[in-house]
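In what follows, a structure is listed as structure tokens, so that the remarks can point back to it.
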Amino acid sequence: MKKFLALIFFAFSLIAPAQAQIHDPVKWTTGVKKISENRYDLIATATIDPGWHLYSQVVPENGPIPTLFTFKPDKVYKLVGKTKEGKGVTVNDPVFEMIITYFDNTAVFTQRIQMEDNAAALIIGEVEFMVCDETKCLPPAYVDLVFKIPAGTATAIEDLKEDVVEEKNLNPETFSLTDTTSVITDTISIAEENRTASSSADPAKKAPQKGLWTIFIIAFISGFAALLTPCVFPMIPMTVSFFTKQSKTRAKGIRNAIIFGIAIILIYVFLGAIVTWLFGASALNALATNVWFNVIFFLLLIIFALSFLGAFEIVLPSSWLTRVDRQADRGGIIGIFFMALALALVSFSCTGPIVGTLLVEAASKGGIAPFVGMFGFSLALALPFTLFAAFPGWMNSLPKSGGWLNTVKVFLGFLELALAFKFLSNADLVLQLHWLEREVFLAIWISIFATLTLYLFGKIRLPHDSVLTHISVGRLCLGLLTLTFTIYLIPGLWGAPLKIISGFPPPMQYSEAPYGVGYTKVDNIGGLGDTSEFPEGAHLGPHDILSFKDYETGLAYAKKVGKPVLIDFTGHACVNCRKMEERVWSEPKILKLLKEEIVLISLYVDDKRKLPDSLNVVSKINGKKLKYIGQRWSEFQTLKYKANAQPFYVLMDHNEENLIEPVGYTPDIEEYYDWLQRGVAAF
């Protein structure tokens, strides 16, 4: 559902008129706060439009462009320490494969200075930053910041507080000037209220909880899987029989069964709420990117997997069950609730590892994900008890208990074992230890699923398995499915992208051999044949597509070979540019067009190489001298195409006229392929 809605949204957002527009989602205001006689805090506040996010000052190498502050040197002041920033949202970015912090709505940055005297001063600074939303990134922007320090700024802090509170009609009990906010400013702005409101809210509520539907669906499926375990399945007829026989009327039996189902949901939802409350949504977000969090969860999942495989059973103290059983005999709604609690305790050896795994996965998402996960799990667990009580005749269609229940349990154990290594991989990626590189990870998964295949085919027996004289058709089909998946994984060792499991193994570049084990590049690059024909100024782009980083050089080559030009306005730190290259350009039919039918010119708007002195380019937009190559391409895109977002694709002829309307982020493969074909045909 999520992907379907996303495709509809993207298709709608990529209508031609929406492509060519100039985005300006960040507004900056400045302020000054007096700390002591000669010390001040320079405060820069970014107000960010909804849906966009601004990156932190600290970003790992090869990640997005960080926010950077520079201050013009002056004898009247000196910087004290580094620029500080507020608390942002920290995530494990699936595209960059690294831990990244960004800001939504509002970001406050503070630089402390030491003044030489109490004279008035103008302090000039500049902020370089990049912002992205779900479909595009903007090129690095450079904004001048001016901080005015009046002469003799010795006004009492409390006096300033009263003035600001009165002017802005704020609550004096909750408003504090000791926060990193503007006190003396030319633009006493609404940023204070925005920042205070957003800082008092949970950061996880600000972070888009895009994974909640995914968590719910996975949890719902897991709930049905838990039903098919030896601890739960036999209890369905027993529990339903109790309600139908003990109730005086069928209607009352159905009512009691519904109450029983609701009680199950409440118990598990309460568990999810407890986890969220104990850790806090913001703590869960932080834990998800923590090395020890991932290592501990790896060990927990290994324990759960070994339990399901039959090494031991995870059981709760028998005294707990005894006490709950006594309460269940009381009857009425209270008795029904304790019956549901008894079911949860009795089945814990089977449901515990599943619930634990769900909570681990949900905690890695942060926010209210544990709550949502437990609701999905308990809903699936409770539905059969309620439905079979309402329609007892359906009981005859249930298969009988037997050894197949343990097979389900073992199958889940293998899945948990595979999932465990994802958390270990996260820790390895953060520490950059290169212990669990892509080839090693895939080798482990191949081994796990190959062993699971042998188990399903009856070649391996585990401690609690019954003697097999034959395997069922269902078990055979499941074995064929895991065998197919195992064979699918094997080419990944030689560099296959493995899109089905994208996001689970480490990225391609995090491997022993970036092009795959034993793989060497062939000479046929970009349809050129002999590499001696490699044109001047060209380089190998994504998937070894022949590409140019200079507009004039690429256009001259296109005229020479008689092919149309694809201008790719991109960025080294553009998330959605990487998604397009990895998931769309890699499609064989699209890759064939890009290599054989067009000339690709990739213009990086965040290229930080200095412009040559011979190119004394002054911006036609703001009159400033351009410093970097990326600024030149960004201005070129803005002036010629009235757009400043990336990715942005233009197909043009040798007269620099568009062959087809430009497009931006287009994740639909068929839509992008059709766009390319129509453009090439127009040439």
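Can you pull the Rg over Rh of region 407-511, Cα-only, Kirkwood? The partial results should precede the final answer.
On the way: Rg = 15.3 Å, Rh = 14.8 Å.
My calculation puts Rg/Rh at 1.03.
Using mean Cβ contacts within 10 Å as the protection proxy, how do 547-554, 107-114 order, highest first? If you can, show how the numbers build up before the last one.
Details: 547-554: 17.9, 107-114: 20.6.
Highest mean packing first, the order is 107-114, 547-554.
Just from the alpha-carbon atoms, what are the Rg and Dmax of region 524-683 in angstroms?
15.4, 46
Cα-Cα over 24 Å: which of 592/640; 33/78; 75/610; 560/642; 252/409; 82/148? Please list the in-between numbers first.
Details: 592/640 29 Å; 33/78 16 Å; 75/610 28 Å; 560/642 29 Å; 252/409 35 Å; 82/148 20 Å.
Pairs exceeding the cut-off: 592/640; 75/610; 560/642; 252/409.
To one decimal place, what orientation-averaged projected area in nm² is obtained for the convex hull of the Cα set of region 28-113? Walk me through the intermediate numbers first.
On the way: hull surface 26.4 nm².
Mean orientational projected area (region 28-113, Cα hull): 6.6 nm².
If you bin every alpha carbon distance in region 97-140 into 10 Å steps from zero, what whole percent lands in each bin?
P(r) over region 97-140, rounded to whole percents: 14, 39, 24, 16, 6.
For region 632-683, take every pair of Cα atoms, bin their distances at 5 Å starting from 0, and report each bin as a whole percent.
Pair shares across the bins are 5, 20, 26, 23, 18, 8, 1.
Using the scaling law 2.2 N^0.38 Å as the reference, what is the normalised Cα Rg of region 546-590? Mind showing how you got there, number by number?
Details: Rg = 12.4 Å, N = 45, 2.2 N^0.38 = 9.3 Å.
Taking the Cα Rg and dividing by 2.2 N^0.38 Å, one obtains 1.33.
Here, each number is a calculation from the coordinates, and none is a lab measurement. Since this is a predicted model, take the numbers as computed values, not measurements. Cβ atoms come from the backbone with ideal geometry, glycine included; neighbour counts cover every protein chain shown.
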